[in-house]
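Chemist: Mind having a look at this structure? Questions to follow.
The values are calculated or read from the model by the stated rules, or taken from the named source; none is laboratory data. Computed from a predicted model, the values in this text were never measured in an experiment. Note: ideal-geometry Cβ built from the backbone for every residue, glycine included; neighbour counts use all protein chains shown. Ligands, DNA and RNA are excluded from the accessible area calculation, which covers all protein heavy atoms including side chains. Shrake-Rupley method; radii C 1.70, N 1.55, O 1.52, S 1.80 Å.
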Amino acid sequence: MDRFEVPARVSDGSSSPVPTMAAYRKAFMDATNDPDAFWLKVATERLAWRTPPTIGLEGSYHTIAESPLRWFGDGRLNITESCIDRHADAQPDKVALLWEGDDPADVRKITYGELKREVSKAANALRELGLKKGERVIIYMGMVPEAAFAMLACARLGAIHSVVFGGFSAEAVRDRVRDCGAEIVITQDFGLRGSRTIALKDVVDRALEGEHGVNKVLVFQRTGGDVGWSPDRDVWWHEAVAAASDDCPAVECSAEDPLFILYTSGSTGKPKGVVHTCGGYLAYTSYTHEVVFDLRPDDVYACVADVGWITGHSYIVYGPLANGCTSLMFESVPTYPDAGRYWDMVDRHGITIFYTAPTAIRALAAQGDSFVTRSSRRSLRVLGTVGEPINPDAWRWYYDVVGNGQCNIVDTWWQTETGGMAIAPIAPATATKPGSATLPLPGIVPVLMDDKDRIIRGPGEGRLCLAQPWPGQARTVWNDHARFVATYFTHYVGYYFTGDGCRRDNDGYHWITGRVDDVINVSGHRMGTAEFESVLVSAEAVAEAGVVGFPHPIKGQGVYAYIVLQPGQAASTELETALQKILRAQIGAHAKVDLFQFVPGLPKTRSGKVMRRILRKVAEGEPEKLGDISTLADPGVVEAIKAGAKRLA
Ligand code: WTA
């Protein structure tokens, strides 16, 4: 098995708290043996507190049903003072947000001094619109600096933001507005991506039709195109924010006050609003951002995720700004104007740390090396990946071609629920293996369970649980703590269950094998098969639907839909197009079926339960591996399914 030692140019000169393997082992032991002392030290040293905490963890996985975990419960702060004010005082002219727009020539540099003024103005404008501590705000924007200003402005007031990815449909926005009880929505007229415009304001207008809970919609003007306008409700950002004072005292919060809600898909039902709180989340994202990437004072750090996902929250906005670094925000797509965009951007800005997703790496590798090799990429030191398992081929291409064999690759495993990276190499310290997320970060105690729910010691493969709480983890599901407990803490009592499978090798390295529940990960977008199914059966022609993932060369996983039609309905490409349209309208542009198979019935047990294993095996192209099908009510269905199996062209 290939093993890559850390290049000297990466390990030399680290100023991080964990620069070596020896330091890692010590930090890991300290965090495991005395988590309270370890994390209290991290939190008090790293953040600007009004009242520093003296209490570490309160609660445990055994008592989580009665009361959510708390970290730093007696600490008081406003997280924007850690992310903005102290840097605005110490280094006002350092660039905080380095923005590259859709047009590569469109660059904005927002210093910490400017960030403080912009966020303060936005916060004052929101306060004028009536926003108070604890109230919810939906943010539905593209990748513009104002999206970060909006998040931070909410935090400045102690309000709770929920960013909704700009690809979601009006239906999806409405569901989230209702679920969190938002009173304000912040959006922009249009989004710009790869010369395409996205009518964000129009989606919000449709989402809010007939909704009475939302009083105000604050609209940032990006393109100046025509938008619908409700004079009593809609307010232009450039009018309200420009008129506001740039002095806005931060509202003091408890460490355990919610900072944001982020909706994410699970194996059942509607997406759930994962809640992260102020103190623990910021301490954890700040710590992991510095330690994993080995952040240095002069780094130009670029994470090209979207703020609509947890990666954008933790590693474009909160972790990097807490660390006072220069964080890039990228509005466009990796293939615009051509497939060299990322690497040209690296040279343009002298990017030293670059963080992206395997799906982008695979898509770009497929375009050939010349788009990469035309740039020098000399500034790069650390390359990160996140969101899905990275296949060793893509890993090697990233290492050899993008990194020129001169960078360390950090394959970071984590989830919306973990708040920050959990299993990942530490750039200056950890030798890597292509496809492995390597070792747990300090404070993370992975446990593998076998199919009899027994703990696997040493090498083996099983379901990944985490045994010990850490400050960055989600505290609850908004308005539904019972669902939070049922989803994560009842499969294995006393453990957090991740939903992922994992193999541990002889060196103790971790290899994530993908989801073991009914969640699929398409191009790093996490979606529930149940969400697809409920939308598909809402179509008149469809009687039943079974949706599973299958291996896809670029997207990681593709979506395979088995459709049982109503009597009298016939399969056709028009029907497929119609179903895609419904998915787009109900969920969003990223919810697309790759392969439809029309079947006479779904394989069910005699008690009527769909045998999803069969659907998965056929979709994965392994119909010979169906296993025991003796409990099937109608074995004939399986034959039809096998005979009609679809493959990508
Ligand atoms: C998957 C994204 C393998 C995993 C931060 C997890 C990964 C889900 C990796 C969470 C990785 C994320 N290797 N799989 N490095 N990173 N995943 O909530 O299945 O959007 O459970 O958070 O992505 O997706 P989410």
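Chemist: Any idea which of Val542, Val485, Val537 is touching a strand residue (DSSP E or B) at 6+ places or on another chain (Cβ under 9 Å), closer than 16 Å to Ser267 by Cα and away from the ligand (no atom under 11 Å from the Cβ)? Give the steps one after another, and end with the answer.
Modeler: On the way: Val542 fails: closer than 16 Å to Ser267 by Cα; Val537 fails: closer than 16 Å to Ser267 by Cα.
Among Val542, Val485, Val537, only Val485 is touching a strand residue (DSSP E or B) at 6+ places or on another chain (Cβ under 9 Å), closer than 16 Å to Ser267 by Cα and away from the ligand (no atom under 11 Å from the Cβ).
Chemist: Moving on to the next point. For the range 22-42, state whether one or more residues are farther than 30 Å from Cys278 by Cβ, under 27 Å from the mean Cα position of the chain (by Cα) and either of a type outside the set (Asp, Glu) or assigned to a helix (DSSP H, G or I) (or both).
Modeler: no
Chemist: Go through the residues of the range 159-171 one by one and say whether even a single one is of a type outside the set (S, T, N, Q) and open to solvent by 30 Å² or more (accessible area, probe 1.4 Å).
Modeler: Checked the range 159-171: at least one residue is of a type outside the set (S, T, N, Q) and open to solvent by 30 Å² or more (accessible area, probe 1.4 Å).
Chemist: Yes or no: Asp89 farther than 24 Å from Lys216 by Cα, in a loop (DSSP other than H, G, I, E, B) and either open to solvent by 10 Å² or more (accessible area, probe 1.4 Å) or not charged (D, E, K, R) (or both)?
Modeler: No, not satisfied.
Chemist: Additional query: Considering Ala437, Ala422, which residue is within 13 Å of the ligand (Cβ to nearest atom) and without any contact (Cβ under 8 Å) to a residue 60 or more places away in the chain?
Modeler: Working: Ala437 fails: without any contact (Cβ under 8 Å) to a residue 60 or more places away in the chain.
So the residue among Ala437, Ala422 that is within 13 Å of the ligand (Cβ to nearest atom) and without any contact (Cβ under 8 Å) to a residue 60 or more places away in the chain is Ala422.
Chemist: Here's something else I'd like to know. For the range 539-558, indicate whether the set of residues that are over 33 Å from the mean Cα position of the chain (by Cα), open to solvent by 20 Å² or more (accessible area, probe 1.4 Å) and not assigned by TED's automatic domain parsing to the domain that holds Gly167 is non-empty.
Modeler: For the range 539-558, residues over 33 Å from the mean Cα position of the chain (by Cα), open to solvent by 20 Å² or more (accessible area, probe 1.4 Å) and not assigned by TED's automatic domain parsing to the domain that holds Gly167: present.
Chemist: Moving on. Got a sec? Which of Val274, Val241 is assigned by TED's automatic domain parsing to the domain that holds Ala147 and over 25 Å from the mean Cα position of the chain (by Cα)?
Modeler: Val241
Chemist: Is it the case that the range 515-522 has a residue that's closer than 14 Å to Thr264 by Cβ, open to solvent by 40 Å² or more (accessible area, probe 1.4 Å) and within 9 Å of the ligand (Cβ to nearest atom)?
Modeler: yes
Chemist: Gly225 - would you say it is more than 16 Å from the ligand (Cβ to nearest atom), at negative phi and open to solvent by 10 Å² or more (accessible area, probe 1.4 Å)?
Modeler: Yes.
Chemist: When you look at Pro258, is it over 30 Å from Thr432 (Cα atoms) and open to solvent by 10 Å² or more (accessible area, probe 1.4 Å), yes or no?
Modeler: Yes; evaluated as a whole, the condition is true for this residue.
Chemist: Please work out if Asp453 is at pLDDT below 95, more than 16 Å from the ligand (Cβ to nearest atom), farther than 26 Å from Cys278 by Cα and open to solvent by 10 Å² or more (accessible area, probe 1.4 Å). Quick ask: steps written out before the conclusion?
Modeler: Values: at pLDDT below 95: yes; more than 16 Å from the ligand (Cβ to nearest atom): yes; farther than 26 Å from Cys278 by Cα: yes; open to solvent by 10 Å² or more (accessible area, probe 1.4 Å): yes.
The answer is yes for Asp453.
Chemist: Would you confirm whether any residue within the range 343-357 is of a type in the set (A, V, I, L, M, F, W, C), away from the ligand (no atom under 15 Å from the Cβ) and open to solvent by 10 Å² or more (accessible area, probe 1.4 Å)?
Modeler: Taking every residue of the range 343-357 in turn, none turns out to be of a type in the set (A, V, I, L, M, F, W, C), away from the ligand (no atom under 15 Å from the Cβ) and open to solvent by 10 Å² or more (accessible area, probe 1.4 Å).
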